[in-house]
Amino acid sequence: DVNVIELPEAEAQKAERDKHEKTHANRLTKLKRERKAARKRKADLNDQLKKKALPKEERDKLTKERDEMADCIGKLDKEITHAEFFAPIVPRAHGVRDVEKPGDMKITIRGNPRALGKVVPRGFLHAASSARPEIPQDQSGRHELADWVAGRDNPLTARVAVNRTWQKLFGEGLVRTVDYFGLPGERPSHPALLDFLADRFMREGWSQKRLIRSLVLSRTYRLSSAHDE
């Protein structure tokens, strides 16, 4: 669960926030006043366009202005929504704490904890694995997630870790696109080697120390990159 605590403010900080709140309120009032005027003007234009005996030039002119008003209203709607959402607030600290009864959470739109969407059931990425581990209703699912991430049947975790370590030591990964390990990325230059290293990495207890030692002591690592001219 997310724990939110309001933080204490010094007098100067509170004065600055009060000033910011006043400026923000004035700006929001101005935007709403402009939107109200734009809506009224658009309604007036619609009434004028309903007149049948209207010259073509005049009708085209009014239609153009009405469309401009519609665009203006749309922009003002977005500005007002943004301003209302990001209104000045008392500074807060966010933390995470365990709850007695775990539950499903709402999705955060673009990672914003203040912009919540629909409730998303606890589960696993279907695109990353065909496995469907079950999560007990009375548990958070963190244990199942850890088992899945570090499981031997997971095709990604060990290979991604080994490939990034290889890239740090050799300057280029066995999969060159180290941040795009999958369909959007490149194919491995040596897939059998990548599989071998990933398998050994898991068998040796996911030890980075052992992995790095085996790579830096290899003949490939100790070869010179210089060439005779």
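Against the definition (under 30 Å from H94 (Cβ atoms), in contact (Cβ under 8 Å) with a residue 24 or more places away in the chain and aliphatic (A, V, I, L, M)), how does L45 come out, yes or no?
So L45 fails the test.
Going by what's in this entry, would A43 be described as surrounded by 10 or more Cβ atoms within 10 Å (Cβ to Cβ), in contact with a Cys (Cβ under 9 Å, 6 or more places away or on another chain) and not assigned by TED's automatic domain parsing to the domain that holds I107?
no
For segment 104-147, how many residues meet the condition of being assigned to a loop (DSSP other than H, G, I, E, B), modelled with pLDDT of 80 or more and within 25 Å of F201 (Cβ to Cβ)?
0
For A192, indicate whether it is part of a helix (DSSP H, G or I), at negative phi and hydrophobic (A, V, I, L, M, F, W, C).
The answer is yes for A192.
What is the one condition in (1) under 28 Å from F181 (Cα atoms); (2) touching a Leu at 6+ places or on another chain (Cβ under 9 Å); (3) not aliphatic (A, V, I, L, M) that R92 does not satisfy?
Status for R92: all satisfied but (1).
Looking at segment 88-103, is at least one residue closer than 25 Å to A115 by Cα and surrounded by 13 or more Cβ atoms within 10 Å (Cβ to Cβ)?
Within segment 88-103, one or more residues are closer than 25 Å to A115 by Cα and surrounded by 13 or more Cβ atoms within 10 Å (Cβ to Cβ).
Can you tell me which residue within segment 179-212, out of those that are of a type in the set (F, W, Y) and either in contact (Cβ under 8 Å) with a residue 12 or more places away in the chain or not assigned by TED's automatic domain parsing to the domain that holds N163 (or both), is surrounded by the most Cβ atoms within 10 Å (Cβ to Cβ)?
Only one residue tops the list, namely F201.
When the residues of segment 90-103 are narrowed to those that are assigned to a loop (DSSP other than H, G, I, E, B) and β-branched (V, I, T), which ends up farthest from E16 (Cα to Cα)?
Among those residues, the one meeting the criterion is V99.
When residues of segment 148-168 are filtered for being exposed (fewer than 13 other Cβ atoms within 10 Å of the Cβ) and either modelled with pLDDT under 90 or among the hydrophobic types (A, V, I, L, M, F, W, C) (or both), how many remain?
3
Name the residue that is nearest to R203 (Cα to Cα), counting only residues in segment 162-192 that are in contact with a helix residue (DSSP H, G or I) (Cβ under 7 Å, 6 or more places away or on another chain) and β-branched (V, I, T).
Out of the qualifying residues, it is V162.
The values are calculated or read from the model by the stated rules, or taken from the named source; none is laboratory data. Small disclaimer: the values here were computed from a predicted structure and weren't measured. Don't worry about glycine lacking a Cβ; one is built from the backbone with ideal geometry, like all the others, and counts go over all protein chains shown.
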